[in-house]
Amino acid sequence: MIFLTPFALLGLVTLPLVWWLLKATPPKPRKQSFPPIQILRGLRQRETDIARSPLWLLLIRLAAVTLLVLGLAHPVLPGEHVPTSGHGPLLLVLDDDMLSAPGWTQRIATAQGFVDDAAHAGRPVLLLRTAAIPEALADQDIPHPRPANAVQQDLNSLRPAPWGTDRAAVAHLLETHPPADVGNVVYLANGVASAGDAAFAKALRAQGPVQEVRFPDAPAVVLAPAPARNGPVIARLLALPDPSAPRAFTVRVHTQDGGTLAVVPVTLPAGAASADVPVDLPNTVRNRIDQVALAGQSSAAGTLLFDEGDRLRPVGLMTTGAADTPLIGPLFYLRRALAPTADLHEGNGAALLTQPLSVIIAPDGTLADPSTRQKIAEWVKNGGTLVRFAGPALAGEHHEAGQPAPTDDADIDGTAQPPSGQTSTDPTADLLPVALLDGSRQLGGTMTWGAPQKLAPFDANSPFHGLDIPADVTVSQQVLASPVADLAAHSWARLTDGTPLVTHASLGKGEIVLFHISSTADWSNLPLSGLFVAMLQRLTDHANGVSIPADDSLLAPIMTLDGEGVLGPPPPTARGLKASAFAETDVSPAHPPGLYGPRAARRALNAGTHLASLSPAQPVGTLTTPAGRRPDTPLGRYCLLAAAFLLLLDTLMVLLMRAGVVFGRKRLPTSTALSLAFLLAMASPASLWAADRHDPALAQAQQTPQPEQTVPPAPASAPTTETAPASPQSGDQGKSSVPGAALETRLAYVLTGHDDVDTVSRQGLQGLSDYTNARTSAKLGHPDGVRPGQDDLSYYPLLYWPITPDARTTPAQTAALTTFMAHGGILLIDTQGQDASSQNDGESSGSFAGDAPGTRSALRRVTNGLPIPPLATITDHHLLAHTFYMLHDFPGRYAGQPIWVAREGQAENDDVSPVIIGSADWAHAWAVDEEGNTPYAVIPDGADQRQLAYRFGVNAVIYALTGNYKADQVHVPMLLQRLGE
């Protein structure tokens, strides 16, 4: 036995002191004559305290201290030497993949030692490598015994491969071509689990006794790409977990010419399997990064290459100075589409022109100032790229001459011509790529015969070529280009009817690009799709002279990494790779890690791209060190466990002795003996040792996070008072299978899976139903809790949906809610407070509202895919403000919160808004408990505010039941005035 911390043994010198302290007894009491004490002489004396500690208790305490000192000294039991046995050929299996490159010299030296032993014994050697073999050499690698000196020459010329192992192929090779009379197997492993390990272990054990050698001084480490480009983290470091101590690594950031931009120390905590690699560099310097590598561990797995797609292009977003309203602001979708892949700068035109930008994006209305247009035009002529978006302001610029806007497809047949003087001979003078017709074209709606148009496939000369077009992306309004002979040459994207969607034109050294739709979701749902993100990224790359393909274009390997992480010419086995296949292609002999394609379209294929984590492999045979010894057995943990057990035993003995139990004189009570036996069994070193040697597979399964539930899931324990949803029931004992909501009008609420939220929703809708029944002719039954996608929503006119931070929807739920809204149902969405953590700067309602963190992102998540029309804040002129009560405010539990409804003229179903979105927390204001009380306070106006909340709820119910029948009442004063005239 050896001690890793021998100085801790000095603690043993304290044992005499411990002995003296435990043996010490208080001095004998002095006798003093005191007459009143004579009264107590007749009392029976009971000795409950012992004069000194028993010898056995003293020995237990001394043993606990001794074991504690020994445990802190880290005793280790050296491993035994494993002799090389066997008389037949030696089967030497070597992991020579990218994870084996660290410590490669030590691996080869260890292999040479085993071959030398075989040579001295006159035994031939079979050498097998586990790295994937190129197809051209697969048939030539059938194992057969060879002399030891020939194998030694092969080992001297071996280099690690820049790809992973293929142990399943080695297992298949041993099964189809089994070597004869193998004496023993030596496996030099990298210790990392991979596919096919079970078959590989079975095949090796079938050949003979297996000795597995691992190299703890050269652990496998991988650099994987960061999940997001726009952030301080540029890579992730992956390693096998080591619970013993933290590990320190150094990461170097290089440019293409080999210069070092940064040296980053990374600490991997004890037991951790990954760590982020942060780099704090300006974006201009960060864009020069071409390679990130681990210092001192040269390997393909420890090298991360950057391509043109990893650069953060500087992009300017022009603003008008007004606040950007979430969901409907002109920069809302642009900012979210470009933030992950670009370096965004926001400001007016003058501020942006002072910065080194190659792309400026101008939403509708930002180029109204002539002086700003002139400065932007000069900037474009000097090589800049201007991307414009249409909208009401751009469409309105052409209405001054009185030319009406086309309203259906008959206006674009090529015969309509703009009035003379309206179309400039040089549209670039107005910073437009093509001349535009007056107004805008409406596709779909009650006043047109046309339908929203989908996008046509992109042409081969378009920078968008190769992008997949979702089938649900449509355009409902656009500005039209004037029909000219060369319009097709200026079009990068078109609709299915041939009208341009994106046009471009050169101006000096730069370029002008126009999206013929708005940057919001008012004219098209393109800004809501992933295609919008890809199109903007293509434009920024195009403006910087980069053309990264994403189609089936074949990119040839230009420079590839060898097993030691050095860039060089590609090997003869390397093949070209399709541009669309980089995301799902693992490194292999046909596709080694490296750079592919020409410089303007260069793509990087990294070894760690598809590695999420590294897990330790199960031993194949007897584990040994490179010296041929079994691993050392640490005994410190067992000494500490035994010390803890003895201290616990000492505590139990002292407690029993204080309870009056005298060991050796009195038999323990049965209950006390059973309790003591149970505690000793639970705290025994054997049980602790067994718990310490748990099954790794079971531990991994227990630590694997469970998939997140979607909302609304089935609640774990539904309230006893919850009403069954309106789905048909089978019915027992002759009961009708007709759902209750089909027999009476009911309100419904979405079940969130949170009992407290669902209870408040049920109580709130019950209180609103009772209030509506008492004051209107409507008769509402008790509310139902429903799960979209499972229950039939067609029975309900109004569906209340409280948003929780973990809310999510499935495609089936989104489809059910879409059908509900399309058939006239109204969705009342309530975030039940403001998400203050995600509000934009300067965005505050000025009134108090409860904090609902995470609800804003949850609202965006659950409404993604729903047919939400363009929204506007409700005013007292809206129909919802006077369907029953005349209201000027619409409070809930909180007052002064904005409410969003469909913009006038933008909703289907007779202009009835299919959605009402707010954060006033109406359910808590409406809630009535079983005793008829209102358990939740409303802020700040108490009972008067609760009355207004009920009235708003009545208006919402009448609005859902009757639609816009009261809309004509708005014009009653004007009609009466005219009748009077």
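Data for the structure
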{"read-out": "Some residue of region 342-355 being under 28 Å from Thr260 (Cα atoms), modelled with pLDDT under 90 and part of a loop (DSSP other than H, G, I, E, B)", "value": "yes"}
{"read-out": "Some residue of region 372-389 being open to solvent by less than 20 Å² (accessible area, probe 1.4 Å) and assigned to a loop (DSSP other than H, G, I, E, B)", "value": "yes"}
{"read-out": "Among the candidates Val210, Val151, residue that is open to solvent by less than 20 Å² (accessible area, probe 1.4 Å) and more than 44 Å from the chain's Cα centre (by Cα)", "value": "Val151"}
{"read-out": "Answer from Gly309, Gly231 - the residue that is without any contact (Cβ under 8 Å) to a residue 24 or more places away in the chain and under 22 Å from the mean Cα position of the chain (by Cα)", "value": "Gly231"}
{"read-out": "Selected residue (criterion: modelled with the highest pLDDT) from residues of region 219-276 that are assigned to a loop (DSSP other than H, G, I, E, B) and in contact with a helix residue (DSSP H, G or I) (Cβ under 8 Å, 6 or more places away or on another chain)", "value": "Ala220"}
{"read-out": "Residue in region 720-739 that is touching a helix residue (DSSP H, G or I) at 6+ places or on another chain (Cβ under 6 Å), at pLDDT below 90 and either part of a loop (DSSP other than H, G, I, E, B) or buried (at least 22 other Cβ atoms within 10 Å of the Cβ) (or both) present", "value": "yes"}
{"read-out": "Residue check for Tyr596: hydroxyl-bearing (Ser, Thr, Tyr), closer than 30 Å to Gly576 by Cβ and out of contact with any Phe, Trp or Tyr (no Cβ under 6 Å at 6 or more places or on another chain)", "value": "yes"}
{"read-out": "Filtered residues of region 124-145 (kept if at pLDDT below 90 and assigned to a loop (DSSP other than H, G, I, E, B))", "value": "Ala132, Ile133, Pro134, Asp139, Gln140, Asp141, Ile142, Pro143, His144, Pro145"}
{"read-out": "Within region 617-654, considering residues that are modelled with pLDDT of 85 or more, surrounded by fewer than 16 Cβ atoms within 10 Å (Cβ to Cβ) and touching a Pro at 6+ places or on another chain (Cβ under 9 Å), the one farthest from Ser274 (Cα to Cα)", "value": "Thr622"}
{"read-out": "Members of region 922-942 found to be open to solvent by less than 30 Å² (accessible area, probe 1.4 Å) and out of contact with any Phe, Trp or Tyr (no Cβ under 6 Å at 6 or more places or on another chain), listed by number", "value": "Trp922, Ala923, Ala925, Trp926, Val938, Gly942"}
{"read-out": "Among the residues listed as Thr585, Thr560, Thr609, the single one being touching a residue at least 24 places away in the same chain (Cβ under 8 Å) and open to solvent by less than 60 Å² (accessible area, probe 1.4 Å)", "value": "Thr560"}
{"read-out": "Residue within region 543-559 that is part of a loop (DSSP other than H, G, I, E, B) and hydroxyl-bearing (Ser, Thr, Tyr) present", "value": "yes"}
{"read-out": "Complete set of residues in region 88-132 that are open to solvent by 10 Å² or more (accessible area, probe 1.4 Å) and basic (Lys, Arg)", "value": "Arg123, Arg129"}
{"read-out": "Whichever residue in region 1-32 is β-branched (Val, Ile, Thr) and part of a helix (DSSP H, G or I) and, among such residues, is modelled with the lowest pLDDT", "value": "Val18"}
{"read-out": "Count - residues of region 837-876 that are of a type outside the set (Ser, Thr, Tyr), modelled with pLDDT under 75 and either more than 25 Å from His924 (Cα to Cα) or exposed (fewer than 14 other Cβ atoms within 10 Å of the Cβ) (or both)", "value": "8"}
{"read-out": "Options Asp343, Asp310: the member that is in contact with a helix residue (DSSP H, G or I) (Cβ under 8 Å, 6 or more places away or on another chain) and either closer than 23 Å to Thr255 by Cα or basic (Lys, Arg) (or both)", "value": "Asp343"}
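Here's the yes/no breakdown for (1) open to solvent by 40 Å² or more (accessible area, probe 1.4 Å); (2) at pLDDT below 90; (3) of a type outside the set (Phe, Trp, Tyr):
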{"site": "Leu436", "(1), (2), (3)": "no, no, yes"}
{"site": "Pro470", "(1), (2), (3)": "yes, no, yes"}
{"site": "Gln478", "(1), (2), (3)": "no, no, yes"}
{"site": "Pro483", "(1), (2), (3)": "yes, yes, yes"}
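The values are calculated or read from the model by the stated rules, or taken from the named source; none is laboratory data. Computed from a predicted structure; not experimentally measured. Every residue, glycine among them, receives a Cβ derived from its backbone with ideal geometry; neighbour counts consider all protein chains shown. Protein only, heavy atoms only, side chains kept; ligands, DNA and RNA dropped before computing areas. Shrake-Rupley method; radii C 1.70, N 1.55, O 1.52, S 1.80 Å.
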